[in-house]
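Participant: Pasting in a structure now, in structure tokens, and then I'll have a few things to ask.
Derivation of every value follows stated rules applied to the coordinates shown; laboratory data play no part. None of these values were measured; they are calculated from a predicted model. Don't worry about glycine lacking a Cβ; one is built from the backbone with ideal geometry, like all the others, and counts go over all protein chains shown.
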Amino acid sequence: MCDYSLGEIRNRLAVEGEELIVHRFPTHSIGLASPADLRPNAGQTPARNQNLWRRIKNFFTPAFDCHDTPAVCIPPGAWLILKSIPLHLQRKWNVGEEESVLFVQTSAEVYVYRDAFCFGNGCLVSLQDVSEGIRVKVMSLSGAAEREPAVEVPTSPPFR
């Protein structure tokens with residue numbers, strides 16, 4: 001549901017119909033978050049009212065307060081739609097800008113990344129290899145029963 005690396009972070013289960021975003025958490029692991037939870041720091045001083053050193057520091061500091069952002073967990077077998085896939089990843093994975101995927105768990109081992117997307121063309125991509133900012137729409141948490149055609153998930157695939 002959520003990779004081991006997000007275990008220290010507050011989390012919650014996704015909701016069908018919800019739009020999520022691929023996000024790098026303070027643990028440096030990639031996961032899913034709600035855009036509503038990724039809000040700018042409210043107490044931040046506008047740039048025009050800051051001295052040079054404060055502007056430089058803020059340039060290298062995240063613009064969002066992510067420490068309280070919960071990770072959104074997806075159960076294996078959920079049907080998702082990835083949106084705004086960058087062109088370089090479209091080419092690498094042989095997919096379009098928007099693709100329907102099956103969310104899978106590649107292993108039951110502890111302390112390994114195991115969450116992945118399985119595309120209709122059979123391409124299996126670790127969540128850790130997905131670019132930040134890609135949008136994810138949760139279509140069904142109970143599986144891809146409504147989805148056509150059915151995707152056959154490889155048992156021990158190499159990640160791309």
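Participant: Taking the highest mean first, how do the peptides 124-134, 107-117 order by number of other beta carbon atoms within 10 angstrom per residue?
Facilitator: 124-134, 107-117
Participant: Please enumerate, by chain and number, the lysines with C-alpha under 30 Å from the C-alpha of Lys92, excluding those fewer than 8 residues away in the same chain.
Facilitator: Lys83, Lys137
Participant: Next question. What are the residues whose amide H is under 5 Å from the amide H of Leu20, where those residues sit 5 or more places off or on another chain and H is modelled from the backbone?
Facilitator: For Leu20, the qualifying residues are Val136, Lys137, Val138.
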